[in-house]
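The values are calculated or read from the model by the stated rules, or taken from the named source; none is laboratory data. Everything numeric in this text was worked out from a predicted model, so none of it was measured. Every residue, glycine as well, gets a Cβ built from its backbone with ideal geometry; the counts of neighbours run over all protein chains shown.
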């Protein structure tokens with residue numbers, strides 16, 4: 001009997017311990033019940049009521065936490081100072097969801113979208129017939145954000161959105177030193193849940209020759225900030241330089257005086273110690289224009 005009681009206590013603690021409140025909750029009516037905050041509750045009761053002719057209620061997070069604690073639901077926390085309860089609009093947001101889907105698909109070569117939800121920040125019953133869709137250019141780095149539509153009367157309507165998706169990325173197999181070529185020998189491709197990226201993840205390492213711009217720790221997702229085009233010419237290396245003139249072409253060896261990437265203009269030194277300028281065309285090759 002004691003064992004069963006102990007297990008029940010542990011189960012109760014696991015349900016209600018360390019729970020974080022959302023910053024926004026959507027309700028169907030003006031009555032806000034505790035089941036809105038704690039869906040698994042058995043004995044439902046009213047917490048707040050949204051005033052007549054209003055469609056939302058804003059409460060201090062600390063006040064809601066105190067109320068929950070008073071009712072016996074302890075250990076709740078909140079990252080936000082306020083909690084918003086909003087009556088869900090009957091508006092059809094499928095068109096906006098499609099806009100969001102297209103936006104993310106343009107940003108990622110390989111993305112699997114499971115679900116998208118869009119909610120107006122105010123109460124509206126329908127979308128305008130004509131509008132201009134807008135989303136921040138960097139919102140694709142996160143799973144949630146804000147979109148807006150601009151009506152023909154220049155009125156802006158704002159919406160919150162959330163997307164459940166996974167994205168194909170490259171992670172480092174081990175520590176990668178600065179100026180190391182990126183390949184499948186030191187990175188591996190895997191799918192991760194789209195939550196929040198610090199910068200756009202690399203999408204295709206085979207399409208371009210790349211090298212690390214800095215020291216990269218093991219098991220890190222590689223982003224465009226971490227890499228640059230590969231140096232195909234190294235300083236002090238001997239390269240082949242071509243010169244074309246009057247339909248004639250000659251090739252000679254010269255010493256590169258700097259590191260360079262394809263299409264970089266560099267200084268080279270020929271066997272006579274003369275310094276020339278040449279455009280890099282490939283691995284240890286350049287051309288005098």
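So the values come out like this:
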item	result
Filter result (in contact (Cβ under 8 Å) with a residue 24 or more places away in the chain and under 23 Å from residue 51 (Cβ atoms)) within region 74-95	78, 80, 82, 83, 84, 85, 86, 87, 88, 89, 90, 91
Members of region 237-258 found to be surrounded by fewer than 10 Cβ atoms within 10 Å (Cβ to Cβ) and within 16 Å of residue 270 (Cβ to Cβ), listed by number	245
Residue in region 237-257 that is under 30 Å from residue 106 (Cα atoms), in contact with a strand residue (DSSP E or B) (Cβ under 7 Å, 6 or more places away or on another chain), outside the structural domain of residue 143 (by TED's automatic domain parsing) and touching a residue at least 12 places away in the same chain (Cβ under 8 Å) present	no
Selection from region 220-236 of residues that are surrounded by 11 or more Cβ atoms within 10 Å (Cβ to Cβ) and in a loop (DSSP other than H, G, I, E, B)	220, 222, 224, 225, 226, 230, 231, 232, 234, 235
Test: residue in region 186-199 that is in a strand (DSSP E or B), in contact (Cβ under 8 Å) with a residue 60 or more places away in the chain, in contact with a strand residue (DSSP E or B) (Cβ under 7 Å, 6 or more places away or on another chain) and surrounded by 11 or more Cβ atoms within 10 Å (Cβ to Cβ)	yes
Of the criteria (1) part of a helix (DSSP H, G or I); (2) in contact with a helix residue (DSSP H, G or I) (Cβ under 9 Å, 6 or more places away or on another chain); (3) surrounded by 17 or more Cβ atoms within 10 Å (Cβ to Cβ), which one residue 99 fails	(2)
Any hit, region 117-135, residues being touching a helix residue (DSSP H, G or I) at 6+ places or on another chain (Cβ under 8 Å), without any contact (Cβ under 8 Å) to a residue 60 or more places away in the chain and not in a strand (DSSP E or B)	yes
